[in-house]
Amino acid sequence: MREQADTGNRAASPDALVNAEGQSVRPADVRIAAMNLLARREHSLSELQTKLCRRFALPDMVASVLQELQRDNLQSDERYAESLLRQRLQRGYGPARIRQDMRERGLDEAAITAAHAAVEPDWFAVAEEAFFRKFGGSVDASPADDSSVRDEETLDPVARREAQQAAFKEKARRMRFMQYRGFASEHFRHLLDE
C-alpha cells in the first residue's frame, strides 16, 4: 500500500520526468542510484553515465545529476584513475596495458597522466614482480641458471641445438607474456638475459 502512495507522490512531483517505460523518475532517484554505485567503488564519469542512462533512459537528467556529483566532489575521474592505476599495478600490469584500460573506461589523457604522476610507479619493479610471479624464482634464480643450460657444452651437436631451440621458444613465450601485460621491452629485457 505504501508503494502505491509513494508512486503517486512521485508522479505529482514537479521535477519528475517520465522515462521510456512510462515510469516517473526524479533527479533524486538518479542521484541515489549514482550514490549507490559510487558507494561500492569509484566509477569514471563515462561509466556512471552509461549505467545510469541504461537504467533511467533520461540522458539529460543523468548528465545534470552527474554534474552535481562532480561539483560536490563525490565523483572524480582523477580519483578513479589513481584507484584503477593502483589496482592494475597490484595485478602486475604494465604502462601500455593500464593506459589502454583507462581509455576504455572513458578517462581522458589528462586524468591518466595525473594519476601516473601522483602514483609514480616503478615499472621495472612491477615487471620483475609480474615476471617472477608467473615464471617462479627470484632475481637470484633466473631461467638462465638452469642446470640444463650449463650442461649444454657436454651435449652432442643435435641435442645442443634442440636445447637452444627450446630455450629460445621459452624466452619468446616469456617475452610475449610481458608484452601482453603491457610492459616495454626495456622493463623486462634484463630478466630474460639473466
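Here Leu45 does not qualify as within 30 Å of Arg189 (Cβ to Cβ), surrounded by 19 or more Cβ atoms within 10 Å (Cβ to Cβ) and under 21 Å from the mean Cα position of the chain (by Cα).
Among the residues of region 12-26, is there at least one that is at pLDDT 70 or above, more than 30 Å from the chain's Cα centre (by Cα), within 18 Å of Val65 (Cα to Cα) and of a type in the set (A, V, I, L, M, F, W, C)? Yes, region 12-26 contains at least one residue that is at pLDDT 70 or above, more than 30 Å from the chain's Cα centre (by Cα), within 18 Å of Val65 (Cα to Cα) and of a type in the set (A, V, I, L, M, F, W, C).
In region 25-53, the residues that are basic (Lys, Arg) reach residues that are open to solvent by less than 50 Å² (accessible area, probe 1.4 Å) with C-beta atoms within less than 8 angstrom, at least six apart or across chains, in these pairs: Arg26/Ser13; Arg26/Ala16; Arg31/Val65; Arg31/Leu69; Lys51/Leu37; Lys51/His43.
For Gln70, state whether it is surrounded by fewer than 16 Cβ atoms within 10 Å (Cβ to Cβ) and either out of contact with any helix residue (DSSP H, G or I) (no Cβ under 7 Å at 6 or more places or on another chain) or in a helix (DSSP H, G or I) (or both).
Working: surrounded by fewer than 16 Cβ atoms within 10 Å (Cβ to Cβ): yes; either out of contact with any helix residue (DSSP H, G or I) (no Cβ under 7 Å at 6 or more places or on another chain) or in a helix (DSSP H, G or I) (or both): yes.
In short, yes.
The values are calculated or read from the model by the stated rules, or taken from the named source; none is laboratory data. Here the structure is a predicted model, which means the values were calculated and not measured. Don't worry about glycine lacking a Cβ; one is built from the backbone with ideal geometry, like all the others, and counts go over all protein chains shown. With ligands, DNA and RNA removed, areas are computed over all heavy atoms of the protein, side chains included. Shrake-Rupley method; radii C 1.70, N 1.55, O 1.52, S 1.80 Å.
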